[in-house]
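One structure, as structure tokens, below. Some questions next.
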Amino acid sequence: MNVTHLECSLTGERYEAGQIHNLSRAGKPLLVRYDLEAAARTLTRDSLAAREPGMWKWRELLPLPEGTEPVSLGERETPIVPLTRTGGPNLLVKDEGRLPTGSFKARGLAMAVTMAKQFGIERIAMPTNGNAGAALAAYGARAGMETVVICPAETPEINITETATYGARVYVADGQIDECGALVGKGTAQGLWFDCSTLKEPYRLEGKKVMGFELAEQLGWELPDAIFYPTGGGTGLIGMWKAFDELDAVGLIGSKRPRMYAVQAEGCAPMVRAFEKGEEFAERWENPATVATGIRVPKAVGDFLILRAVRDSGGAALAVSEQAILKGVDDVARDDGFLLCPEGGAVVAAWRQALERGLVGKDERALLFNCANGNKYPLADGSKRLKLAEARAEDL
């Protein structure tokens, strides 16, 4: 293990590795730091190519202690698929819906639960809009831990029942995800459980950044021109930005970086508002509403890290309408045979918006993230009823 220390993302204050941590003393996320020179000695393109595919092959840049068996459900590499009919050969989507529990939450929670088990933690908790809770419950069950999950009432029913099926204690609450998170925080302060909320422990980010490692290798160690990422808590966007710096430091890629586009819904766009105002932190978004529940996060603890990555990359924060989100899902399903989740529909809509505004060119390679399997969400019924005794094939 190459971990040297942990570091407050706002103040730079150092924290000792090998101990249980949540937020820093400044109330901000902690970032894991590595001995990158040591990592570079064994983490090479050739060594990676010879390893079994999956997130754990990046062990030199993961906090997994040496000799520790990860809590795993078989996290494989997710494919990058061109959406040729939707946007031409340069429009690509990374399909995170192929992971365990059908969403991109799997890698992050695999890492968080692995480290929690390493520290002897027996009870874990989090608020969720759906997929994160299911992943926490699944990996918690795998590790033999007790799991508590609190969901806003608008959480899709399939996510609630899935989470409960894994054995978690699931509560549906009359509030938003940050309000559910406040209750989790109170229980943490009382010693009832360990808080696995977004960016409130340091290791979920380390699992999520593997998305950045993977896409770099899959694209021949040449990063795309632009990445469009559905942004609620923003762990993946922050993680990928961190991953690119680490890959550069160990010599696997050069200094080129993609423009990062944080995608939100018009009904819940705190990052977009802060970006457009030039602010470092984002104010809470009141009365959030969107069909893309995964990005219905009114207040993110890592807001300044999201905004920093977007600005440093030359990207932007973009808000899209509900109509554009649903159209994105329908168009890609019909034209390319690819069923996106609503958040995936949002990034398609954002790419189209960026194209219209001249923020991205059609000749540029743009990578979109589909963060969950589209079959986990309600779909409109476009079928027609048929009486076989009266049916004629020529009328169909």
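Could you check how many residues of the stretch 180-216 are without any contact (Cβ under 8 Å) to a residue 24 or more places away in the chain and either part of a helix (DSSP H, G or I) or buried (at least 24 other Cβ atoms within 10 Å of the Cβ) (or both)?
Final tally of qualifying residues: 4.
Filter the stretch 108-141 down to the residues that are free of Cβ contacts under 8 Å to residues at least 40 places away in the same chain and more than 24 Å from residue 289 (Cβ to Cβ) and list them by number.
Residues satisfying the conditions are 120, 122, 135, 137, 140, 141.
If you go through the stretch 307-327, how many residues are crowded, with 21+ Cβ neighbours inside 10 Å and out of contact with any Ser or Thr (no Cβ under 8 Å at 6 or more places or on another chain)?
Residues flagged as crowded, with 21+ Cβ neighbours inside 10 Å and out of contact with any Ser or Thr (no Cβ under 8 Å at 6 or more places or on another chain) within the stretch 307-327 amount to 8.
Out of 101, 86, I need the residue that is within 19 Å of the chain's Cα centre (by Cα), β-branched (Val, Ile, Thr) and either crowded, with 20+ Cβ neighbours inside 10 Å or in a helix (DSSP H, G or I) (or both). Which one?
Of the residues listed, the single one that is within 19 Å of the chain's Cα centre (by Cα), β-branched (Val, Ile, Thr) and either crowded, with 20+ Cβ neighbours inside 10 Å or in a helix (DSSP H, G or I) (or both) is 101.
Which of the residues that make up the stretch 18-52 are surrounded by 15 or more Cβ atoms within 10 Å (Cβ to Cβ), at pLDDT below 95 and of a type in the set (Gly, Ala, Ser)?
Correct list: empty.
So residue 158 passes all but one of these: (1) part of a strand (DSSP E or B); (2) within 20 Å of residue 73 (Cβ to Cβ); (3) modelled with pLDDT under 95. Which condition number does it fail?
Status for residue 158: all satisfied but (1).
Those residues that are crowded, with 24+ Cβ neighbours inside 10 Å, over 14 Å from the mean Cα position of the chain (by Cα) and small (Gly, Ala, Ser), I need them from the stretch 117-140; list them, please.
Matches in the stretch 117-140: 125, 137, 138, 140.
Name, by its number, the condition in (1) surrounded by 14 or more Cβ atoms within 10 Å (Cβ to Cβ); (2) assigned to a loop (DSSP other than H, G, I, E, B) that does not hold for residue 74.
Residue 74 satisfies every listed condition except (1).
Separate question: Can you tell which of 98, 85, 107 is of a type in the set (Lys, Arg), touching a Gly at 6+ places or on another chain (Cβ under 7 Å) and modelled with pLDDT of 95 or more?
Criteria check complete, one pass: 107.
Tally up the residues in the stretch 255-306 that are under 30 Å from residue 218 (Cβ atoms), exposed (fewer than 15 other Cβ atoms within 10 Å of the Cβ) and either touching an Asp or Glu at 6+ places or on another chain (Cβ under 7 Å) or in contact (Cβ under 8 Å) with a residue 60 or more places away in the chain (or both), please.
1
In addition: Among the residues of the stretch 256-310, what is the count of those that are touching a strand residue (DSSP E or B) at 6+ places or on another chain (Cβ under 6 Å), part of a loop (DSSP other than H, G, I, E, B) and more than 24 Å from residue 195 (Cβ to Cβ)?
So the count comes out to 5.
Looking at 396, 359 in this structure, which one is modelled with pLDDT under 95 and farther than 26 Å from residue 177 by Cα?
When all the criteria are applied, what remains is 396.
Would you mind finding the one in 385, 352 that is surrounded by fewer than 24 Cβ atoms within 10 Å (Cβ to Cβ) and at pLDDT below 95?
Just one listed residue meets the conditions, 385.
Now for a separate question. Determine the pairs where a residue that is under 16 Å from residue 268 (Cβ atoms), located within the stretch 307-319, has a partner that is polar (S, T, N, Q) and assigned to a helix (DSSP H, G or I) with Cβ atoms under 8 Å apart, the partner being 6 or more residues away or on another chain.
Listed pairs, sorted by first residue: 318/353.
Scan the stretch 141-150 for residues that are out of contact with any Asp or Glu (no Cβ under 8 Å at 6 or more places or on another chain) and either surrounded by fewer than 24 Cβ atoms within 10 Å (Cβ to Cβ) or assigned to a helix (DSSP H, G or I) (or both) and report the count.
Residues meeting the conditions: 5.
Moving on. Filter the stretch 328-348 down to the residues that are touching a residue at least 40 places away in the same chain (Cβ under 8 Å), out of contact with any Lys or Arg (no Cβ under 7 Å at 6 or more places or on another chain), crowded, with 18+ Cβ neighbours inside 10 Å and part of a helix (DSSP H, G or I) and list them by number.
Hits for the stretch 328-348 are 329, 331, 332, 342, 343, 344, 345, 346, 347, 348.
Matching residues to (1) in a loop (DSSP other than H, G, I, E, B); (2) in contact (Cβ under 8 Å) with a residue 24 or more places away in the chain; (3) not charged (D, E, K, R):
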| site | (1), (2), (3) |
| --- | --- |
| 350 | no, yes, yes |
| 354 | no, yes, yes |
| 359 | yes, yes, yes |
| 364 | yes, yes, no |
| 367 | no, yes, yes |
| 386 | yes, no, yes |
| 389 | yes, no, yes |
| 394 | no, no, no |
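State all residues of the stretch 161-179 that are out of contact with any strand residue (DSSP E or B) (no Cβ under 6 Å at 6 or more places or on another chain) and buried (at least 17 other Cβ atoms within 10 Å of the Cβ); if no residue qualifies, say none.
Hits for the stretch 161-179 are 162, 166, 178.
The values are calculated or read from the model by the stated rules, or taken from the named source; none is laboratory data. Model, not experiment: these values are computed from the prediction. When we count neighbours, we look across all protein chains shown, and the Cβ atoms used for this are built from the backbone with ideal geometry, even at glycine.
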